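The values are calculated or read from the model by the stated rules, or taken from the named source; none is laboratory data. No experiment lies behind these values; they were computed from the predicted model shown. Don't worry about glycine lacking a Cβ; one is built from the backbone with ideal geometry, like all the others, and counts go over all protein chains shown.
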Amino acid sequence: MDMSTAPLSANDWLEFEESWLAPYAMRCRASRGRRYPEPSHPFRTLYQRDRERIVHCTAFRRMTGKTQVLVASVNDHHRTRLTHTLEVAQIARTVARRLRLNEDLTEAIALAHDIGHPPFGHAGEHALNHCLQHLGGFNHNLFGLRRVDELEERYPDFPGLNLSFEVREAFVQHCGRLEAPECAEFRDCGRPLLEAQVVDVVDAIAYDTHDIDDALGLGFLTLDELRQVPFWAEAVERVHQHHPGLSGPPLRTAVIRELLAWQVTDLLEETTRRLEQYNIRSLDDVRNAPVPLVGFTPQLAKYKAEWERFLHNRVYTHHSVLRMTHNGQRILEALFHEYVRHPELLPEKHFRRWSGAAERRGPPPPSWITHHRRPIPQLERVVADYLAGMTDRFAQMEYRRLFLPTVEV
């Protein structure tokens, strides 16, 4: 076979990583590996397999029915948790490529970063955190880690998705609760990898920009109101330099595009400057850096702080949003207390996690349970895990089934 046309093997890709990636990028060969050893794949690398396991898991698909800011029943055009995730992955991959970081690892982290969000956005997280106060609360990043480590059931030989250490670490580095017991294996890592830092910052780029776009589309804001915000006003000026006289919906679209391009460009330039300033030449340098290495210039950071205050005052506390979030919280809290009072109402596999009741009817548990048995969690945690996995629509359906007078099954 002519080797110039032969398909790439996984080893070929590892060699490409060695020749292409920057010295401070994460390579597959430097990974701490998986919790449960697996044979290598003939043509997919470690992080490529991580990415595809995330895309094919149940929790990833459910994000299409989970709120980003606005409950998914408002219309078919605003962002859901899934479309936001795809936008983050696209921007993060672009940034990783320009910085010569590991694109596959960056994309895997981006695709998984919101997988632990409950229904109804941050309102759902507040509700579950309140319900679990006596058990340490609820954190969507730590639930995301538990989701990929334990709750997904796709493989006969191990629980969860058995992702690489580096993708799992990203959940913990972003959670702000390193003292939690499930974070123990990650406490000695130092600063997050650059690939994880990129996803963290790009996440803010995406939601700051697109939340305004959605609010405009739903009539929560007008273009005239936005002219008082310096970040928006300067982006309008930049657009008008190339398209004088542009107005209405075309102006809105062009400004959103300009804001994204402006932030990404600033991020690339400032991150490159910091890498040089702190003489970052290796992974150890990244882990031991005195400051975060991925970020914005002071001027853009100031613009974004003003922008986020405006979002909070005019979008996140809009009466329509508050009504939706309040209702979402009420639904989850009511479901939580009802399932705790009557755990027999839980679906079979969730009831079994708590009770281990083999006598109950239903499909047998996965074979890995006999090899990797975990401590039985408390009922409240099992209930919260079940609720956190729901979509907005399913949570509302469950509420109607349990609390409205009907004989619906």
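Checked against (1) buried (at least 18 other Cβ atoms within 10 Å of the Cβ); (2) of a type outside the set (Val, Ile, Thr); (3) out of contact with any helix residue (DSSP H, G or I) (no Cβ under 9 Å at 6 or more places or on another chain), ARG273 passes all but condition (1).
Of all residues in the range 232-259, those satisfying the criterion of being within 28 Å of the chain's Cα centre (by Cα), closer than 16 Å to GLY217 by Cβ and surrounded by 15 or more Cβ atoms within 10 Å (Cβ to Cβ) are TRP232, ARG252, ALA254, VAL255, ILE256, LEU259. Just one of the numbered conditions (1) touching an Asp or Glu at 6+ places or on another chain (Cβ under 7 Å); (2) crowded, with 18+ Cβ neighbours inside 10 Å is not true of PHE60: (1).
Once the range 371-390 is narrowed to residues that are at pLDDT 95 or above and in a loop (DSSP other than H, G, I, E, B), the residue that is farthest from ALA334 (Cα to Cα) is GLY389.
Listed by first and then second residue, the pairs linking a residue in the range 280-293 that is at positive phi and buried (at least 16 other Cβ atoms within 10 Å of the Cβ) to a residue that is part of a helix (DSSP H, G or I) and among the aliphatic types (A, V, I, L, M), with Cβ atoms under 9 Å apart and 6 or more places separating them unless they lie on different chains, form an empty list. Pairs meeting the criteria (first residue in the range 322-338 and of a type in the set (Ser, Thr, Tyr), second residue in a helix (DSSP H, G or I) and surrounded by fewer than 20 Cβ atoms within 10 Å (Cβ to Cβ), beta carbons under 9 Å, at least 6 apart or on different chains) are THR325/HIS122; THR325/HIS126; THR325/TYR316. The helices (runs of 4 or more DSSP H) found wholly in the range 75-156 and carrying at least 3 residues that are touching a helix residue (DSSP H, G or I) at 6+ places or on another chain (Cβ under 6 Å), closer than 14 Å to TYR386 by Cα and touching a residue at least 12 places away in the same chain (Cβ under 8 Å) occupy 121-131, 140-146. Taken over the range 157-184, residues that are in contact (Cβ under 8 Å) with a residue 40 or more places away in the chain, in a loop (DSSP other than H, G, I, E, B) and hydrophobic (A, V, I, L, M, F, W, C) amount to 4. Pull out all pairs, ordered by first then second residue, where Cβ-Cβ is under 6 Å, the residues are six or more apart or on different chains, the first lies in the range 191-219 and is closer than 20 Å to ARG309 by Cβ and free of Cβ contacts under 8 Å to residues at least 60 places away in the same chain, and the second is aliphatic (A, V, I, L, M) and buried (at least 23 other Cβ atoms within 10 Å of the Cβ). Filtered contacts from the range 191-219: THR209/LEU259. Residues of the range 381-406 that are of a type outside the set (A, V, I, L, M, F, W, C) and closer than 23 Å to GLY144 by Cβ: ARG381, ASP385, TYR386, GLY389, THR391, ASP392, ARG393, GLN396, GLU398.
Condition first: farther than 28 Å from ARG79 by Cα, within 17 Å of the chain's Cα centre (by Cα) and surrounded by fewer than 19 Cβ atoms within 10 Å (Cβ to Cβ). Can you find one or more residues in the range 155-175 that meet it? Yes, there is a match, as at least one residue in the range 155-175 is farther than 28 Å from ARG79 by Cα, within 17 Å of the chain's Cα centre (by Cα) and surrounded by fewer than 19 Cβ atoms within 10 Å (Cβ to Cβ).
Taken residue by residue, the range 191-210 has no member that is part of a loop (DSSP other than H, G, I, E, B) and at positive phi. The residues of the range 120-154 that are of a type in the set (Asp, Glu) and more than 18 Å from the chain's Cα centre (by Cα) amount to a single one, GLU153.
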